[in-house]
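Below is one structure, written out as C-alpha cells, with a few remarks after it.
The values are calculated or read from the model by the stated rules, or taken from the named source; none is laboratory data. Every value quoted in this text rests on a predicted model; they were computed, and no experiment measured them. Note that we place each Cβ from the backbone using ideal geometry, even for glycine, and neighbour counts take in every protein chain shown.
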Amino acid sequence: MTTKAAGMRQERKTRRSSRQNFSQSPPPASIDAEQQILGSILMDPDAINVSASLIPGPEAFFAPPHQYIYQAMLSLYEEGKPVDITMTTEKLQADGLLNIAGGRIYLIDLIDGIVTTAHIKHYIGILLQKYQLRRLVERGNEIIAQAYEYGTEPADVAPLIQEAVDIVSSSGKTATIVRAADIIPDLLSELDEVNQGNKELGFKTHIDDLNKIMRFRPGQLIIISARPSEGKSALLLNFCEYISQRLKQKTVLFSLEMEAKEIFLRQLLSRARVSSQRFISDINIQDNRWSEVVLAGDYLSKEGSNFLVCDQPGLTPLQIRAIAKEEDRKGKIGLIAIDYLTLVTPDNIKRSANREQDVANMTRSFKLLAREFRVPVLLCAQLNRNVDKGEKRRKPRLSDLRESGAIEQDADVVIFIHHDGDKINRKCCLIVDKNRGGRTAEVPVVWVPEYVRFEGALEE
C-alpha cells in the first residue's frame, strides 16, 4: 500500500471515528430537573409565572413527553386558565397527546415527587444549562459536517461558530424588570452633568444646525440615505472623522465599498484642503500646498488613532459583530459605521430566498448591535428610483428606502441627502425624516466636492 493510499484510509477512519464518538454520547440532559419543574407547576399553579419568564419554550426540555406537558401548561397560561393537574390533563387529552405524555398517572407521579416548590429556580437553572449544551452540540455537529464538505472555506463556517459563541454568551441571561427608583437617581445625576455642561446626551456632529435637532445616542440605529453618488459615504466619513478626532471616541468603520487606503487619502487631502479631483487628475500639488499635506499627515497620524477601518468586502452581520466585539475588548468602542447595507452579505443561517426578508434580518441585526454595544450605529442605505420620477426631482421620504420597510421600522433616525434639481449642487440639505424622541427638520448644508465634505451652511 502506498503512503498516499494509507493516508487517505487513515483520513476516512478519522472522519468515521469522530462522527461515531459524537453519535454514541447521550445528549446533555437532566430528566430529574425537568420532572421537578413540571411537578412544581402542577403543585403550585403560580410557579408557571416563574417558568414562563425564564424558560424560552418547550424545546428547552429534552424528553418529548415533558415538551408536550409543558406546551399544554403554556397554552393554558396564555388562555388565562388554571394550570393544575385537571386542566393540564384535559388539554393533553384534547390535543391527543395524553397517552404519549405518560397519561394522568404520570402527572400524578410528577406531583408526588415534589417535596417543596421553593427550589424551582434552581432546577430551571439546570434545565437551561443542559439546553444550552445541547444547542452547542448541534452547532458543533453542523460545524464538523460543513468543514468536511468539499470546497468549504473557513469563512463559510464562521457564522456557525459565531452562533455557538452567541449561545454561550446568552446563557444565563434573563429578562430584568426595573422600577423608577432603580433608574431615577443615576438619571438625575446624568442630567445634572449635562445641565452643567460636563456631559453630552449623545455625540454632536460637525454640523451645528443638525446638533440643534439631534445627537447620535447609544443604542440608536441611524440611517444615512441618498441616491448613488450623492455623498452617503462622504457624509458618513465626515461624521466618523469628527467623532473620532474631536470627541476622541473610538470609531470603527466597516467599508464594504472603498479600500482603507482610499478612505485615508480622502481624509488626508480634505484636512489639507487640497482638491481630491486635482490630485486624481495627476495635477501636481503646489509646493505651498504640499506642506499642508505633510502637516495633515502628521495630524492624522497622531489624532487619528481612534479611527479604525475594516475594508474586508462581503462581510455578514455576524462577522461585523465578531470584529466589533474583538475591538471593543481591546478598548471601548464609541461608534460603529457601516458603508453600506446593499453590500452586506446575509448570514447563511438566516438567508432567505426573499431579498426584502434578508434586508429585514440585517437591519434587525444592526439594531441589536447598537443595543448590545450601547453605541450609535451609522448605516448607509440607498434610495430607490422613485425620487427621480416625474419632471422635477422630489424630496425623498421614508417609503423611498430601497428594498425593505424594515429599514424604516428598525431605524431610530433617518437622514436623507437631498440635492434640489437635476444635478448635484453645492447648496443642498439633510432631511431628518425620522427622529425617534425628537423632531424632524430640514438642515441646510453645503456640499464641497473638491474636499469631499458636507459643511454647515454658515461655514460656506
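Details
- Between E356, E372, E303, the distinction of being modelled with pLDDT under 85 and under 17 Å from V252 (Cβ atoms) belongs to E303 only.
- Just one of (1) modelled with pLDDT of 85 or more; (2) surrounded by fewer than 19 Cβ atoms within 10 Å (Cβ to Cβ); (3) among the acidic types (D, E) fails for D410. It is (2).
- The combined condition, being surrounded by 15 or more Cβ atoms within 10 Å (Cβ to Cβ), among the β-branched types (V, I, T), out of contact with any Lys or Arg (no Cβ under 6 Å at 6 or more places or on another chain) and outside any loop (DSSP other than H, G, I, E, B), is not fulfilled by T117.
- Exactly one residue out of I69, I108 is of a type in the set (V, I, T), surrounded by fewer than 17 Cβ atoms within 10 Å (Cβ to Cβ) and in contact with a helix residue (DSSP H, G or I) (Cβ under 8 Å, 6 or more places away or on another chain): that is I108.
- Close pairs from the range 85-103: first on the phi < 0 side of the Ramachandran plot, partner outside any helix (DSSP H, G or I) and surrounded by fewer than 18 Cβ atoms within 10 Å (Cβ to Cβ), Cβ under 8 Å, at least 6 apart: M87/K81
- Taking each residue of the range 200-221 that is touching a residue at least 40 places away in the same chain (Cβ under 8 Å) and aromatic (F, W, Y) and looking for partners that are buried (at least 17 other Cβ atoms within 10 Å of the Cβ) and assigned to a helix (DSSP H, G or I) with beta-carbon atoms closer than 6 Å, six or more apart or interchain, yields F203/I243.
- The criterion of at least 3 residues that are at pLDDT below 90 and within 30 Å of K325 (Cβ to Cβ) is met, among helices (runs of 4 or more DSSP H) falling completely within the range 213-282, by 260-272.
- A441 being surrounded by fewer than 19 Cβ atoms within 10 Å (Cβ to Cβ) and modelled with pLDDT of 80 or more: yes
- Options L160, L201, L136: the member that is of a type outside the set (D, E, K, R) and either part of a loop (DSSP other than H, G, I, E, B) or farther than 27 Å from E326 by Cβ (or both): L201
- Among the residues of the range 236-265, those identified as within 15 Å of G334 (Cβ to Cβ) and among the polar types (S, T, N, Q) are S244, Q245, Q249, T251.
- Check on I48, at pLDDT 95 or above, in a helix (DSSP H, G or I) and among the hydrophobic types (A, V, I, L, M, F, W, C): no
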